[in-house]
Amino acid sequence: MLSEFDLIKHFFHRERPGRPDVALGIGDDCALLAPTPGRQIAISSDMLVEDRHFFAGADPFMLGHKALAVNLSDLAAMGARPIAFTLALALPRADEAWLDGFSRGLFALADEHDCELIGGDTTKGPLNICITVFGELAPGHALRRGAARPGDDIWISGTLGDARLALAGYWKEVELSPEAHAQAAPRLHMPTPRVALGLGLAAAPIAHAALDISDGLVGDLGHILAASSVGATLDVDALPAGPALARQDHALRRRFTAAGGDDYELCFTAPVARRAAVLEAAALAATPVTRVGTIETAPGLRLVDAHGVPLDLGLTGWDHFSGS
């Protein structure tokens, strides 16, 4: 039986050259960071709870990836470069096969973004994963929710809705072919944090405001509108559907792209004059972007179809306490 410290040493302590901005990693009561002079530190935490954020028995490799991906997505939304992260892990038991898969998935994504594990905690309990991630960025370059301006374009990275479609397949809300489900499921289990795009949008800076779409576009865009004291018109039919969702009926496509959740794409606003710069940043990041609406002075979010006709779809974002 693995002890707590054996578990950490075997699965999470790595003998490898550390980052120069990590002065001390795993092994002491605290880690020590040495941020680049003149840079700000961006910090975010996310918790994943079994049977709330992922199914019991979820593939541990994919779960390790997702646990870090949702945090890196927050850094991407601020335009911050990843530095390091901590991991707090509650486990029902020290299952070596599970820990091996989880740690491999976690570190595969961490290495892709040169993000170092610097500490955390483990305990026995219901499966619960909490990661805190640290990034850095230039002062005044953070893509904040409260910076949208009337006249800005609204943009979306990647595609939306396939994660929600996969969930609908698991819940038997819709009948999916094995091929459609296999195509949609990776978007639910292994989202892609748009770090390179976030860095590109913040560098000049090009964008005004941004966030990552975790609880559905309609709900999350509402946070930008509230923080910026503006409104918006959103063309629901312009929303880029994932390849599996694009083959479903029109009503389902509208509902899942606009309010599906678990997309972890970026929603950002930028001046009309910066359209070419947005497309250039997207090309450099190898990430497609789509212009889907406009920020306006009048408060509220107005949904329209491709012809500008108002839609009343009754859509809201996900709320962890209301369950919808």
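The values are calculated or read from the model by the stated rules, or taken from the named source; none is laboratory data. These numbers come from a predicted model, not from an experiment. Don't worry about glycine lacking a Cβ; one is built from the backbone with ideal geometry, like all the others, and counts go over all protein chains shown. Areas reflect the complete protein model, heavy atoms only, side chains present, ligands, DNA and RNA absent. Shrake-Rupley method; radii C 1.70, N 1.55, O 1.52, S 1.80 Å.
Details
- Of the residues making up the stretch 239-247, not a single one is modelled with pLDDT under 95, of a type outside the set (Asp, Glu), out of contact with any Lys or Arg (no Cβ under 7 Å at 6 or more places or on another chain) and surrounded by 18 or more Cβ atoms within 10 Å (Cβ to Cβ).
- Among the residues listed as 274, 253, 291, the single one being at pLDDT 95 or above, farther than 30 Å from residue 176 by Cβ, open to solvent by 20 Å² or more (accessible area, probe 1.4 Å) and not assigned by the TED database to the domain that holds residue 66: 274
- Some residue of the stretch 295-311 being loosely packed, with under 14 Cβ neighbours inside 10 Å and in a helix (DSSP H, G or I): no
- Qualifying residue in the stretch 176-188 (condition: among the charged types (D, E, K, R), over 30 Å from residue 202 (Cα atoms) and either assigned by the TED database to the domain that holds residue 252 or surrounded by 15 or more Cβ atoms within 10 Å (Cβ to Cβ) (or both)): yes
- Leading residue by the ranking (farthest from residue 214 (Cα to Cα)) among those in the stretch 34-76 that are in contact with a Ser or Thr (Cβ under 8 Å, 6 or more places away or on another chain) and assigned to a strand (DSSP E or B): 43
- Residue check: residue 175 meets all listed conditions (1) touching a Pro at 6+ places or on another chain (Cβ under 8 Å); (2) over 30 Å from residue 300 (Cα atoms) but one, namely (1).
- One residue alone among 139, 191 is surrounded by 21 or more Cβ atoms within 10 Å (Cβ to Cβ) and assigned to a loop (DSSP other than H, G, I, E, B), and that residue is 191.
- Residues satisfying the stated conditions in the stretch 1-40, i.e. at positive phi and at pLDDT 85 or above: 38
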